[in-house]
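Please treat every number below as a calculation from the coordinates, not as lab data. Predicted model, so just to flag it, every value in this text is computed and none were measured. Note that we place each Cβ from the backbone using ideal geometry, even for glycine, and neighbour counts take in every protein chain shown.
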Amino acid sequence: MANILIVDDSSTMRKIISRSLRQAGLTVDEIFEAGDGIEGLGVIASGKSIQLILSDINMPNMDGLEFVKAVRANGNSTPIVMITTEGGEEIIAEAMSSGASDSIKKPFTPDQLQEKLGGLL
Amino acid sequence: MSLNADIAESTKFTEERLAGYIIGATQEVFTTMIMMDPKDEFPMREPVSRFKCSITGMVGFAGTYSGVISIHCPVSLAMKITSNMLGMECDEVNDDLNDAIGEIANMLGGSVKQVLSKGGLDVKLSIPTVISGEDYTVNSLSDSDCVVIPFIAEGQKFLVGLTLKKDD
């Protein structure tokens, strides 16, 4: 069973992702939520055991690209999958070169989550 | 309400193409995330700026292209949309409803950006803005350069509009 951190400024999207993870039959234990990159770093710094991070890109205060860079700068190698409306090749390439593991475009189906995340959990 | 000929020429997007993108993006978001299958109608000929008992979600974009994509829908339909998105009953205007409509605008903005942007870095999306009320108006400084598509879902009409301009 895996603990997952969802970083997204939309509470609706955090709930949809949580529900979709369970609908997809993924082995999820505890789900932690954060409303932006700064909150996400706070959850990680609190010492919680996290096996997978799902992060939006377009967020206030600290966006997903800055968040990924900050996580990796701290030496944390937890897989980070970007779940975002941003489907452009350049922005996804920037996320990947910053340390993201993969990306999923919104809108998505539970099957698409299962396909992308099944191998990481 | 139609796309100004000069704007269409500068952006290289015809009104028909933009309408097609809006219809495709809206149907994708609604069928995938909301479990509704909205039917599109002909683009509106006249601008709509006044809304009653409605909610409006908007996302701006700036860069090579600038503009706003917006969704306007009756509060009663927004409650059904929110209920479907969250999998729980929503029967009042609250943070969940505002957030859900804002997130729909955000996903529509992402789809439009994918069409407008070469790789994703030359057009930036804003954080969503949501307005709701019993009687309000939404005015754009470039109202004449909009494409607005009406949709029907659950027997109610909602609008998705795109204002577009190519920056020099």
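Some points to look at:
- Where GluC sites (Glu not before Pro) fall in DSSP loop in region B:14-84, at most 13 other Cβ within 10 Å: B:41
- Loop trypsin sites (Lys or Arg not before Pro), region B:55-159 (other Cβ atoms within 10 Å of the site Cβ: 12 or fewer; DSSP): B:118
- Cross-link table A:48/A:105; B:124/B:165; A:106/B:52; B:80/B:166, entries beyond 25 Å C-alpha to C-alpha: A:48/A:105; A:106/B:52; B:80/B:166
- Pairwise Cα separations in chain A fall into 5 Å bins from 0 onward with the following percentages, short to long: 2, 12, 25, 27, 21, 10, 1.
- For chain B, the convex hull spanned by the alpha carbon atoms encloses 103 Å³ per residue.
- Averaged over peptide A:89-99, the number of partner chain Cβ atoms lying within 10 Å of each residue's Cβ comes to 3.
- Histogram of C-alpha separations across region A:1-42, 10 Å bin width, %: 30, 54, 16
- 222 nm mean residue ellipticity, helices alone, for chain B (DSSP H n ≥ 4; -39,500 (n - 2.57); rounded to 500): -10500 deg cm²/dmol
- An ellipsoid equivalent to region B:71-154, defined through the eigenvalues of its Cα gyration tensor, has semi-axes of 25, 17, 12 Å when rounded to whole angstrom and sorted largest first.
- Phi angles of region B:78-92 translate, via the Karplus equation with coefficients 6.51, -1.76, 1.60 and θ = phi - 60°, into HN-Hα couplings of 4, 5, 5, 4, 5, 4, 5, 5, 8, x, 8, 5, 10, 10, 7 Hz per residue; Gly and Pro are given as x.
- Per-residue mean of foreign Cβ neighbours for B:120-129 is 4 (Cβ atoms of other chains, 10 Å radius).
- Amide H contacts under 5 Å for residue A:33: A:6, restricted to partners 5 or more places along the chain or on a different chain, H placed in the peptide plane at 1.01 Å from N.
- Values of log10 I(q)/I(0), in the order q = 0.07, 0.10 Å⁻¹, for the protein assembly as shown under a Debye, Cα-only, solvent-free model: -0.26, -0.53
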